[in-house]
Amino acid sequence: MLIYINGTDNRCKYLAKLMAKAGYQIENDKNYISSCQIVFLGKDGKSFEQVDFACDAVVLTLLKNQRLCYLSKLKGFKYDYLYHDEEFINENTYISDEALIAYMIIDNNISLSNSNILILGYGHCGKDLANKLERFNAKITISNRSDHHHDEVITKGYRYIRLNELTLDGYDFIINTIPCNVITEEMLKTKDDMCQIYDVASKPYGLQSDKRDTNYHLLKQLPTKYAYHSSALVLFKAIKRAVDRNVKK
């Protein structure tokens, strides 16, 4: 099968090697996408919505693209996105969280042990981070926009504060996993001067750009930079599963 991979980062480069090793032929010229049976468009594929994909081609993105979903029904190609594959989400999250923790350890003059860490959000990323950071003997507080996870958080032994009741004083580290500007100007007034904010959410991120300072760290696309051989293998397996699902349809 001929496959086109959109991306030049280290993860995509190693993904191409894995695909070639598995017997796929790599097409590097986007002008020949219409000849490919598998097309991986990276994050959301928004710049590829006008492409005439081959009939029955399997077209993949990470995030759901509604336009490609509609066009696939109209033009006959198969469209799928990887962020509804629970196995991929979990494996990708583990690598991202490991990368964040490595960054926190290397970049700071205090230990994670006995530190006070606030995690904003308790989805896949927030849960895994809390679990990993607890093993460093960190003191974990969870803040969420709703009380949906309240009982689980308390059962785990973490402190819980609802987002609309939150102040930022007393924390050494704040980690945002919510893709929304949830850190307000009023909250920032309560933050300790040396407290570091790490934002691993997607756009529009947790804090508006005009309110960021040197203690705010936006960490984007960590799996493309950290342990990218492992990240590429996770992506390779997810693409294989998606192709198998869609070829059988």
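So the values come out like this:
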item	result
Test: residue in segment 217-239 that is in contact with a Cys (Cβ under 8 Å, 6 or more places away or on another chain), of a type in the set (S, T, N, Q) and at pLDDT 95 or above	no
Pair list, Cβ < 9 Å and 6+ apart or interchain, from segment 206-229 residues that are of a type in the set (Gly, Ala, Ser) to residues that are in a helix (DSSP H, G or I) and open to solvent by 70 Å² or more (accessible area, probe 1.4 Å)	Ala227/Glu98
Which numbered condition Leu166 fails, given (1) at pLDDT 95 or above; (2) of a type outside the set (Lys, Arg); (3) under 23 Å from Asp80 (Cα atoms)	(3)
Test result for Gly42, open to solvent by less than 90 Å² (accessible area, probe 1.4 Å), modelled with pLDDT under 95 and either touching an Asp or Glu at 6+ places or on another chain (Cβ under 8 Å) or under 21 Å from Val247 (Cα atoms) (or both)	no
Flag for Ile239 being assigned to a strand (DSSP E or B) and open to solvent by less than 20 Å² (accessible area, probe 1.4 Å)	no
Residue match in segment 4-24 (condition: in contact with a strand residue (DSSP E or B) (Cβ under 8 Å, 6 or more places away or on another chain) and more than 22 Å from Leu233 (Cβ to Cβ))	no
Meets criteria (open to solvent by 70 Å² or more (accessible area, probe 1.4 Å), part of a helix (DSSP H, G or I) and over 30 Å from Met19 (Cα atoms)) for Asp210	yes
Scope segment 64-83; condition exposed (fewer than 14 other Cβ atoms within 10 Å of the Cβ) and in a loop (DSSP other than H, G, I, E, B); matching residues	Gly76
Some residue of segment 84-91 being in contact (Cβ under 8 Å) with a residue 12 or more places away in the chain, at negative phi, open to solvent by 50 Å² or more (accessible area, probe 1.4 Å) and within 16 Å of the chain's Cα centre (by Cα)	yes
Cβ pairs under 7 Å, 6+ apart, first in segment 99-120 and modelled with pLDDT under 95, second of a type in the set (Gly, Ala, Ser) and not in a loop (DSSP other than H, G, I, E, B)	none
Any hit, segment 135-156, residues being of a type in the set (Gly, Ala, Ser), under 27 Å from Leu63 (Cβ atoms) and part of a strand (DSSP E or B)	yes
Qualifying residues in segment 58-75 (those that are among the aliphatic types (A, V, I, L, M) and closer than 21 Å to Phe236 by Cα) - the one farthest from the chain's Cα centre (by Cα)	Val58
Pick from segment 213-236, criterion in contact with an Asp or Glu (Cβ under 9 Å, 6 or more places away or on another chain) and part of a loop (DSSP other than H, G, I, E, B), ranking: farthest from Ala20 (Cα to Cα)	Asn215
Output for segment 129-176, where each listed residue is surrounded by fewer than 14 Cβ atoms within 10 Å (Cβ to Cβ) and touching a Phe, Trp or Tyr at 6+ places or on another chain (Cβ under 7 Å)	Ile154
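The values are calculated or read from the model by the stated rules, or taken from the named source; none is laboratory data. Please read these numbers as outputs of a predicted model, since none were measured by experiment. For neighbour counting, all protein chains shown are included, and Cβ atoms are generated from backbone atoms with ideal geometry for every residue, glycine included. Please note that ligands, DNA and RNA were not included when accessible areas were found on the heavy atoms of the full protein model with its side chains. Shrake-Rupley method; radii C 1.70, N 1.55, O 1.52, S 1.80 Å.
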